[in-house]
Amino acid sequence: MTQDDRTSDPFIREVDEELRREQLKSLWDRFGLLIIAVCVLVVVITGGYRGYVWWQAKQASETGDRYLTALESIEKGNVEEGRATLDKLASEGGGYGMLARLREAELAASGEDRSAALKAFDDIASDGSVPSVMRDLAHVRGALIALDAGDLDGAESRVEGLDEAGNPWRYSAREILGLVAYQRGDLEAARERFISIGEDAQAPQGLRSRAGLMIAVIDGQAETPAAGEAGTASDSGTAGAGEPNSAGEAASDTEMTQ
């Protein structure tokens with residue numbers, strides 16, 4: 001009997017179906033409870049995950065509202081109330097906790113409390129739980145405060161590692177390093193820093209504009225000694241001749257004005 005004959009015979013088809021039912025029943029008897037348990041577990045896990053996502057979104061929304069409320073309170077003059085909320089958020093951690101810490105440091109800086117602001121930014125910069133881009137931002141802000149306080153070594157040490165390709169704060173770091181070199185009197189090094197900013201098309205326009213101004217200031221200072229020497233030589237010649245020299249007098253006037 002061929003396969004086609006077997007499948008066309010009603011009795012044989014009925015026997016085959018009965019065998020399949022028996023096999024399915026046997027499998028269900030053995031694994032039915034396990035299958036049910038797996039299905040229930042999948043439903044529970046899916047429901048729990050969706051519930052957790054909803055809870056997280058709800059918590060983030062509430063925390064964001066608290067952060068914005070704190071900022072509004074500070075803007076309206078209720079500084080103590082706003083800071084109390086920021087302190088609470090900072091202690092809770094998370095994204096808004098980090099923003100709260102940065103905002104508190106900025107408040108200290110704007111209130112001329114340099115030591116507190118510097119400590120706050122340094123704490124953020126050294127906190128491994130904070131994203132690297134925000135730690136680098138804290139380095140930059142701390143360096144600016146140190147620079148404003150005249151601590152050139154402190155400013156330099158905070159940003160010297162940021163001036164590398166790919167770092168989003170490299171241009172700010174170059175500007176600070178240029179200002180450090182300028183205040184130390186190293187005009188050549190300062191000029192190189194500012195030129196590297198001005199010639200980089202990817203640098204922010206504001207930084208490039210400031211770099212151009214600093215280059216102009218440095219170039220003007222570099223030319224001043226030559227003008228002074230010319231004025232001195234002219235004055236010496238006038239004194240030797242015993243006659244007035246208008247060019248020498250103009251150079252002397254320029255030196256006195258500067």
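The figures follow:
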| read-out | value |
| --- | --- |
| Residue check for residue 149: over 25 Å from residue 70 (Cα atoms), more than 17 Å from the chain's Cα centre (by Cα) and at pLDDT below 95 | yes |
| Check on residue 127, in the same structural domain as residue 154 (by TED's automatic domain parsing), closer than 26 Å to residue 145 by Cβ, in contact with a helix residue (DSSP H, G or I) (Cβ under 8 Å, 6 or more places away or on another chain) and among the acidic types (Asp, Glu) | yes |
| Any hit, the stretch 26-46, residues being closer than 30 Å to residue 137 by Cβ, among the hydrophobic types (A, V, I, L, M, F, W, C) and either assigned to a helix (DSSP H, G or I) or assigned by TED's automatic domain parsing to the domain that holds residue 129 (or both) | no |
| Number of positions in the stretch 127-176 that are under 22 Å from residue 108 (Cα atoms), charged (D, E, K, R) and surrounded by 17 or more Cβ atoms within 10 Å (Cβ to Cβ) | 6 |
| Verdict on residue 112 being without any contact (Cβ under 8 Å) to a residue 12 or more places away in the chain, of a type in the set (Asp, Glu), surrounded by fewer than 11 Cβ atoms within 10 Å (Cβ to Cβ) and not in a helix (DSSP H, G or I) | yes |
| Neighbours by Cβ (under 7 Å, 6+ apart or cross-chain): first from the stretch 67-86, over 16 Å from residue 110 (Cβ atoms); second surrounded by 11 or more Cβ atoms within 10 Å (Cβ to Cβ) and among the basic types (Lys, Arg) | 85/66 |
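The rows are residues; the columns are (1) assigned to a helix (DSSP H, G or I); (2) in contact with a strand residue (DSSP E or B) (Cβ under 7 Å, 6 or more places away or on another chain); (3) within 30 Å of residue 79 (Cα to Cα); (4) in contact (Cβ under 8 Å) with a residue 40 or more places away in the chain.
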{"site": "122", "(1), (2), (3), (4)": "yes, no, yes, no"}
{"site": "129", "(1), (2), (3), (4)": "no, no, yes, no"}
{"site": "167", "(1), (2), (3), (4)": "no, no, no, no"}
{"site": "179", "(1), (2), (3), (4)": "yes, no, no, no"}
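The rows are residues; the columns are (1) in the same structural domain as residue 185 (by TED's automatic domain parsing); (2) among the aliphatic types (A, V, I, L, M).
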site: 105; (1), (2): no, yes
site: 120; (1), (2): no, yes
site: 123; (1), (2): no, no
site: 132; (1), (2): no, no
site: 140; (1), (2): no, yes
site: 167; (1), (2): yes, no
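So that you can scan it fast, the table gives a plain yes or no per residue for (1) of a type in the set (Val, Ile, Thr); (2) over 23 Å from residue 92 (Cα atoms); (3) surrounded by 11 or more Cβ atoms within 10 Å (Cβ to Cβ):
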site: 31; (1), (2), (3): no, yes, yes
site: 40; (1), (2), (3): yes, yes, no
site: 60; (1), (2), (3): no, no, yes
site: 73; (1), (2), (3): no, no, yes
site: 76; (1), (2), (3): no, yes, no
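The values are calculated or read from the model by the stated rules, or taken from the named source; none is laboratory data. Being a predicted model, the structure only gives us computed values, none of them experimental. Cβ: placed from backbone, ideal geometry, glycine included. Neighbour counts: every protein chain shown.
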